[in-house]
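Written below as structure tokens is the structure these notes are about.
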Amino acid sequence: MRVFFALLSCAAALVVPVLGLATQPDPVTSDSLSDVHLNVVPRTDDERGRVAKITALPTEFDTAWPFEENAGGAQTVRARNTADAFSQPAANLNFAQELDFKVGNGMFRRIWVSAPASTLASDGLGPLFNARSCQRCHLKDGRGHPPEGPDDTAVSMFLRVSIPAPEPVDIQRYIAGTHATAPDPTYGTQLQDFSLPGQAPEYRLQIDYDEVEVPLSGGETATLRRPTYTAADLGYGPLHPGAMLSPRIAPQMIGMGLLEAIPAEEILARVDPDDADGDGISGKPQIVWSDAHDAPMLGRFGHKAGNPTVLEQTASAFAGDIGISNPLHTAGSGECTDLQTDCTAALHGGDPEQGGFEIDQVGLDLVSFYSRTLAVPARRDVDAPQVLHGRQVFFDSGCAACHQPNHVTHRLEGEDPASFQLIWPYTDMLLHDMGPGLADNRPEGRADGQEWRTAPLWGIGLTKTVSGHTQFLHDGRARSLLEAVLWHGGEAQAARDIVVAMPPEDRVALIRFLESL
């Protein structure tokens, strides 16, 4: 059986039931959020004033701004022109932290094998999986890409899946505005295209593209790729009739610990769901339930901000992508569902020495620390005239309304390397409606089928150097930064139209600025 869906087909969008709050327990709202994952030292009034001053949007564009070159604050490292540009430890790690980084890196690169095996600390793969290691998806800690033809695998890309539900799966943890969805009863929450011997893979990802011509000012033309995704060769029968599918490529890894340390209070201060200021931008927060802290938290990680912390993002990737059980996802069979009986009955690699899991809390913490402390490379050519002009074009076009240039992280106890850093990620960490062109028509948490988290832009100009390609957006459809801009719609439609209509030399400068990030 083959399942076809086109991302641009709004008519095919499934309507998810709106929950009646009268029948629900007291809902969790953004007012009750706190950064429980961090050991925060409250800011003084003096610090608040300094932060407000240094993060105020600039009005002068003829020179580089103070500290702009150090995109990751004190964690910033020299920009390398090799594939290792994203694989460096944060510059401000102490000796013990550098050791943890190296051990975590080894576990990030570890190739998992099937159980039972003589390598007890490395067995438990699958039985269904998308990759055999973290490194296989995030090669060189960079960005994934779609398969490059029928002979290429989708090792750094997969399809998420869910179905509409009449009420939340866990009604006691209902969060106001959350769309009620549930896993596909047969295939779970994502499709795996690899399996161990004796097990059938769940599917084969097939992508077909139609080309769309976009006329630009100055007689120029851009060509976009409109994808249609096929869940081909389904291994366990048909998907649920209401299955909603969403393609995802692996994002780059740099700066995650810094994003995790941005105060939720400051992110929430930019929320404007009803566009009260009339600027056309109406970002809203993703709020998810944290299994690690048993509390509602601000969603920060994933294309729709579905995970609140690096630890929980790491734990869910181990379970879903590799089939590795851990303290937050305890099933030894990974993502296998109850209807996949051979899969759930297969041997797993849980060891008593690791609390019965395939990776224990110590290992999970080490991989999370590695992911949290990958350094952001320094900006390049910040004083170049074309870059400075492109930066002004970026602001004048309205791009900075969502891609907020800078933040200051929490002051944290101890020697936390993310503590009180001025950083330049170019994201507001909020959900925005990106229009029907980028819609996956699949809600996730409080994000609807057209909403995505603003992607950080730091390091984006090194994508070719690190990953060997220039494919962007949540599904890699854009083959260049210009194509990525031209796919923007919804709240970004006005900015996108300005880019289409501007003089060609301004477009060139804009792309040159983005390449310097």
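The values are calculated or read from the model by the stated rules, or taken from the named source; none is laboratory data. This is a predicted model, so every value here is computed, not measured. Methodologically, a virtual Cβ is constructed for each residue, glycine included, from the backbone with ideal geometry; neighbour enumeration extends over all protein chains shown. Heads up: the accessible areas ignore ligands, DNA and RNA and are worked out on the full protein's heavy atoms, side chains in. Shrake-Rupley method; radii C 1.70, N 1.55, O 1.52, S 1.80 Å.
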Residue within the range 179-187 that is open to solvent by 60 Å² or more (accessible area, probe 1.4 Å), modelled with pLDDT of 95 or more and over 30 Å from residue 287 (Cβ atoms) present: no
Hits in the range 335-367 (condition: under 16 Å from residue 200 (Cβ atoms), at pLDDT below 95 and in contact with a helix residue (DSSP H, G or I) (Cβ under 7 Å, 6 or more places away or on another chain)): 335
Filter result (open to solvent by 40 Å² or more (accessible area, probe 1.4 Å), in contact (Cβ under 8 Å) with a residue 60 or more places away in the chain and under 27 Å from residue 495 (Cα atoms)) within the range 269-303: 270, 271, 279, 284, 303
Flag for residue 325 being among the small types (Gly, Ala, Ser), over 19 Å from the mean Cα position of the chain (by Cα) and under 20 Å from residue 133 (Cα atoms): yes
Boolean, residue 316 is part of a helix (DSSP H, G or I) and open to solvent by less than 20 Å² (accessible area, probe 1.4 Å): no
Qualifying residue in the range 133-150 (condition: surrounded by 24 or more Cβ atoms within 10 Å (Cβ to Cβ), modelled with pLDDT of 95 or more and not in a loop (DSSP other than H, G, I, E, B)): yes
Candidates 75, 135, filtered to the one that is in contact (Cβ under 8 Å) with a residue 12 or more places away in the chain and farther than 29 Å from residue 405 by Cβ: 135
Flag for residue 211 being farther than 25 Å from residue 34 by Cα, open to solvent by 30 Å² or more (accessible area, probe 1.4 Å), out of contact with any Asp or Glu (no Cβ under 6 Å at 6 or more places or on another chain) and among the charged types (D, E, K, R): yes
The one condition in (1) buried (at least 18 other Cβ atoms within 10 Å of the Cβ); (2) in a helix (DSSP H, G or I) that residue 172 fails to fulfil: (1)
Residue list for the range 320-345, filter: in contact with a Cys (Cβ under 7 Å, 6 or more places away or on another chain), open to solvent by 10 Å² or more (accessible area, probe 1.4 Å), outside any loop (DSSP other than H, G, I, E, B) and in contact (Cβ under 8 Å) with a residue 40 or more places away in the chain: 321
Residue selected from the range 397-432 under the condition within 16 Å of the chain's Cα centre (by Cα) and not hydrophobic (A, V, I, L, M, F, W, C), by the criterion most open to solvent (accessible area, probe 1.4 Å): 403
Residue in the range 222-229 that is within 25 Å of the chain's Cα centre (by Cα) and either part of a loop (DSSP other than H, G, I, E, B) or at positive phi (or both) present: no
Search result, residues across the range 458-492 that are open to solvent by 40 Å² or more (accessible area, probe 1.4 Å), in a helix (DSSP H, G or I) and touching a residue at least 60 places away in the same chain (Cβ under 8 Å): 465, 482
Residues being within 16 Å of residue 223 (Cβ to Cβ) and of a type in the set (D, E, K, R) - total across the range 445-495: 3
Failed criterion for residue 148 (all others in (1) over 23 Å from residue 253 (Cα atoms); (2) without any contact (Cβ under 8 Å) to a residue 24 or more places away in the chain hold): (1)
Neighbours by Cβ (under 9 Å, 6+ apart or cross-chain): first from the range 361-372, on the phi < 0 side of the Ramachandran plot; second at pLDDT below 95 and open to solvent by less than 40 Å² (accessible area, probe 1.4 Å): 361/354; 362/354; 363/354
